[in-house]
Structures are given as structure tokens and as C-alpha cells.
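Working notes, structure below.
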Amino acid sequence: MGFKLTTIEEFEDATERLLETGKRAGVDSWQMRVKNQTPHCKFGEQGICCRICSMGPYRITPKAPRGICGCDAHGIVGRNFLRFTAGGAATHSDHGREICHTLHCASRDGSYHVKDAEKLIRIAKE
């Protein structure tokens with residue numbers, strides 16, 4: 001069985017079919033929820049809304065170029081991005097932790113066996 005590259009058009013067609021099936025079944029999707037949430041907050045879309053401290057949320061405008069903490073738009077966008085990224089990384093690192101724990105608990109004569117040691121090392125490096 002060979003590798004088949006899927007095109008963007010094939011993904012879009014499959015997504016459209018899935019959305020139609022969901023609509024007929026009465027199930028919503030993130031696409032429908034986005035449409036229902038419009039109009040979106042322009043401050044939030046630009047990443048210049050800060051909700052980190054209990055003094056906010058506050059928004060950065062030409063009249064108020066700094067938040068109560070003194071942070072400007074660049075700092076707020078950076079902090080928001082870092083918090084979102086750290087949260088996502090923390091969520092997914094749990095999967096790796098579970099795999100490591102399972103391998104740590106496995107014994108040489110147990111149910112888990114490494115069949116291709118070179119592949120294990122290569123993947124671990126990735």
C-alpha cells in the first residue's frame with residue numbers, strides 16, 4: 001500500500017460533506033459557532049485586549065497606548081501569545097509523559113517490546 005498525497009481540494013470537499021452531514025443531524029460545528037459569534041471584538045482579533053490582571057480587561061487605543069500595568073500593545077500581544085502557546089504545549093506534553101511513563105514501567109520480559117531500536121532513537125530525536 002503506497003503513500004497517497006491528499007490535495008487541499010479533496011480536504012475541502014470532505015469537510016463540506018462532513019458539515020452537511022452534521023447539519024442534517026442537528027450538530028453544530030466550530031464554523032457555525034464562529035458565524036454565530038459575529039461581529040467579533042476588534043481588540044481581541046488584534047490581540048490587544050489584556051485579561052491577565054484583575055484590573056482589566058483593558059484595551060489598547062491611541063488615547064490609551066498602555067495598560068494599567070504599563071504594558072504596550074507589543075507586550076500584550078507577546079504575553080497573550082506566550083500564554084496560549086504554553087497552555088497548548090502543556091496540554092500536549094501530557095501525551096509524551098504518559099508514553100515515557102509506560103516505557104519506564106515496562107520490563108524486559110513484560111508485554112512491551114521495542115522491535116526497532118534504531119527507529120525508537122530516531123523518533124526520540126525528532
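All of the numbers you see were taken from the coordinates with simple rules; none came from a lab. These numbers were taken from a predicted model, which means no experiment stands behind them. All Cβ positions, even for glycine, are placed from backbone atoms using ideal geometry, and neighbour counts span all protein chains on display.
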Any helices (runs of 4 or more DSSP H) falling wholly within region 1-119 and containing at least 3 residues that are loosely packed, with under 10 Cβ neighbours inside 10 Å: 8-24, 30-36, 73-105
What is the one condition in (1) among the charged types (D, E, K, R); (2) closer than 27 Å to K125 by Cβ; (3) within 21 Å of the chain's Cα centre (by Cα) that R108 does not satisfy? (3)
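Which residues, counting only those in region 72-105, are polar (S, T, N, Q) and within 16 Å of the chain's Cα centre (by Cα)?
Result: N80, T85, T91, S93.
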